[in-house]
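**Student:** First, the structure itself, so that you have it in front of you.
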Amino acid sequence: MDWQPLWLTFRLATITSLILLAFALPLAYWLAFGKFRGRGIVEAVIGMPLVLPPSVIGFYLLLAFSPSYWFGDFIERIFGLRLVFSFPGLVIASVLYSLPFMVYPIRAGLQSLPASLREASYTLGKSERETFFRILLPNCKPAILTAFVLTFAHTVGEFGVVLMIGGNIPGVTKVASVAIYNEVEALNYSAANQYALVLFAITFVILLIVYSINNNLLRVRQSS
Amino acid sequence: MSDNLLDINIRHSLHTANGTLPMEIAFTLKEGNILAVTGPSGAGKTTLLKQIAGLIGPESGKIMFGGQIWLDTNAKKSFPPQLRNTGFVFQDYALFPHFTVEENLSFALHNQDDKGIVSELLEATELTQLSHRKPFQLSGGQQQRVALARALVRKPHLLLLDEPFAALDYSMRFNLQALLLKFQQQFRFSIIIVTHDIGEIFRLADQVIVLDNGKIEKEGTPAEVFVKENTAPQDLIIHGEVLTCTQQDNQLHVNALIENKIKTLILPLHMEAEMIPGNNFTLHYPIDSGQIRLINS
């Protein structure tokens, strides 16, 4: 069995999840507590990947990334990066595609904390930033863990978007889900089965670990 | 200016279950005094405390504190809560769940060199033994003591307490009230306390204001407010059963069962006819004449 697609899948999922975590923390905070107009628009845009067919997102990203259009052209000229049919392009597409899976659970976690925790920190002289990092984040660890794993798992399971903008280049864009599709197309069911089983098992184990950790965290809190 | 420490005049819209109410409040607090704020739920008591702490911005008005302008909406000036140096004890205590007792207190320090005040407060609140526990491992009274100690770490000039003892049983409440008074004498801060407990108001407060529907309905000393006519908000009613009734010094001393606890009431003589052992009674504040006092026993 060729391990390269699996390795590529997990590299993509890890990089995507880490990048998203960095973006999603401030974004989730802003959505949870910010005072601004047009929140509905921002939320709708972030939520689009939940409901749109991946092929729609993939199609528009393909156009955007293509050097024949201004964005792709711009990126290629400034950074010398070609985003279509390349790994960096896959990462950007995955980040956009998995955005709601990271942002929504973290926002919900932040909002579920009693307002008095933030208020207490402010009256104790602590800035918003310090309150965020020292009080709010440590108290929504389960939400952050859930968000991270959902994002990771969602990226592992990505197929349509990858196929649209990444194609099927071994070692560059051929992730496990695409490899399974190829093997099935070639009627090579046993190879497809191997990839599928590995994904199946790993995904199950990850989710199992997350839910056990979260249940333990909750149990500690409720035992008061 | 006067010796008023705090001078407040604010307007706000209160969003309640019955729609939006205009809130209009003006009062002053003298240095070192204890002000009790009482009144029915939804009257704006917590909102008022949070406005003083700077956690909620009133729509318009002015708050002066010791010559400093904390808020002046005309001049578009508002001091952030971080700089107001108030101590705030929240109704739900708001202890940081991931910190130990000691960490909850030392989080409030400006400068980690001032550890002395933390151990001093832990000592005074008898929490030294529990300093490595997390909040969920503490009883309600212990959590309350942590909240109080934490609010004092920065040596605030003004302590704001939102129904701090409401969830505690009577004797615990009594101990904590005594502790609060001890701290007040030691650190010389002023206090605004939101409470429904008449006994607490009489024991602690120099001044009291009764809020209803966002307005000050009555203000003065506890005796002035609760002993005169027709000022009682609905919460201020005592039901009980008379156990014994004796006359002393031209007053009635009534031992009564109130909320499953035996308490002594001191009542005017003319109420003797109602205070027959075995009778159930309902007392309204204010009672028709004379003073009423509750004594823990």
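The values are calculated or read from the model by the stated rules, or taken from the named source; none is laboratory data. Quick caveat, the model's predicted, so the values are computed rather than measured. Reconstructed Cβ throughout: ideal geometry from the backbone, glycine too, with neighbour counts over all protein chains shown. Protein only, heavy atoms only, side chains kept; ligands, DNA and RNA dropped before computing areas. Shrake-Rupley method; radii C 1.70, N 1.55, O 1.52, S 1.80 Å.
**Student:** Averaged over B:77-89, how many beta carbons belonging to a partner chain fall within 10 Å of each residue's beta carbon?
**Tutor:** On the way: counts 0, 0, 0, 4, 7, 10, 1, 3, 3, 1, 2, 6, 2.
Going residue by residue through B:77-89 and averaging, the value is 3.
**Student:** Now for a different question. Taking every DSSP beta bridge that has both residues in the protein assembly as shown, what percent is antiparallel when rounded to the nearest 5? Provide the component values of the computation, followed by the final result.
**Tutor:** Details: 53 of 71 bridges.
Expressed as a percentage, antiparallel bridges in the protein assembly as shown total about 75.
**Student:** On a C-alpha basis, how far is the centre of segment A:168-224 from the centre of segment B:98-145 in Å? Whole number, if you could?
**Tutor:** Segment A:168-224 and segment B:98-145 have Cα centres spaced 45 Å from each other.
**Student:** In straight Cα distance, which lysines are under 22 Å from B:Lys155, not counting same-chain residues fewer than 8 positions off?
**Tutor:** Result set, ordered by chain and number: A:Lys126, B:Lys30, B:Lys50, B:Lys115, B:Lys182.
**Student:** Take the alpha carbon gyration tensor of segment B:101-157, find the square roots of its eigenvalues, order them as a ≥ b ≥ c, and report rounded if a/c is under 1.5; if not, report prolate when a/b exceeds b/c, else oblate. Intermediate results must be reported in sequence, preceding the final value.
**Tutor:** Working: a/c = 1.84, a/b = 1.59, b/c = 1.16.
Verdict is prolate for segment B:101-157.
**Student:** As a test of the formula, what do you get for the protein assembly as shown when each DSSP H run with n ≥ 4 contributes -39,500 (n - 2.57) and the sum is divided by the residue count, at 222 nm and rounded to the nearest 500 deg cm²/dmol? Intermediate results must be reported in sequence, preceding the final value.
**Tutor:** On the way: 19 runs with 244 residues, N = 521.
After summing the helix terms and dividing by residue count, I get -15000 deg cm²/dmol.
**Student:** Within 10 Å, count the other beta carbons around each residue, average over each peptide in A:154-164, B:250-260, and list them highest first.
**Tutor:** A:154-164, B:250-260
**Student:** Now for a different question. Which whole number gives the average count of other chain Cβ atoms within 10 Å of the Cβ atoms across peptide A:122-135? Write down the numbers at each step before the final one.
**Tutor:** Details: counts 8, 20, 18, 12, 4, 2, 2, 0, 2, 1, 0, 0, 4, 6.
That works out to 6 on average.
**Student:** Could you sort B:190-199, A:186-195 so that the peptide with the highest average Cβ count within 10 Å comes first and the rest follow in order?
**Tutor:** Numbers: B:190-199: 22.6, A:186-195: 13.8.
Output ranking for B:190-199, A:186-195: B:190-199, A:186-195.
**Student:** Could you pull out every one of the aspartates and glutamates with an alpha carbon less than 16 Å from that of B:Lys134, ignoring same-chain neighbours closer than 8 positions?
**Tutor:** B:Lys134 reaches B:Asp92, B:Glu102, B:Glu103, B:Glu126.
**Student:** Taking beta carbons within 10 Å but only from partner chains, what does the mean come to for residues B:90-97? Mind dumping the intermediate values first?
**Tutor:** Values: counts 7, 1, 5, 3, 11, 3, 8, 9.
Rounded to a whole number, the mean comes out at 6.
**Student:** Could you report the buried accessible area between A and B, both sides summed, computed with a 1.4 Å probe and given in Å² to the nearest 100? Could the numbers behind the result be given before it?
**Tutor:** Numbers: alone 12450 and 14450 Å², together 25030 Å².
Approximately 1900 Å² gets buried when A meets B.
**Student:** For segment B:264-272, just list the computed ³J(HN,Hα) in residue order, Karplus coefficients 6.51, -1.76 and 1.60, θ = phi - 60°, integers in Hz, with x standing in for Gly and Pro.
**Tutor:** Values, residue by residue: 9, 10, 10, 10, x, 4, 5, 8, 4 Hz.
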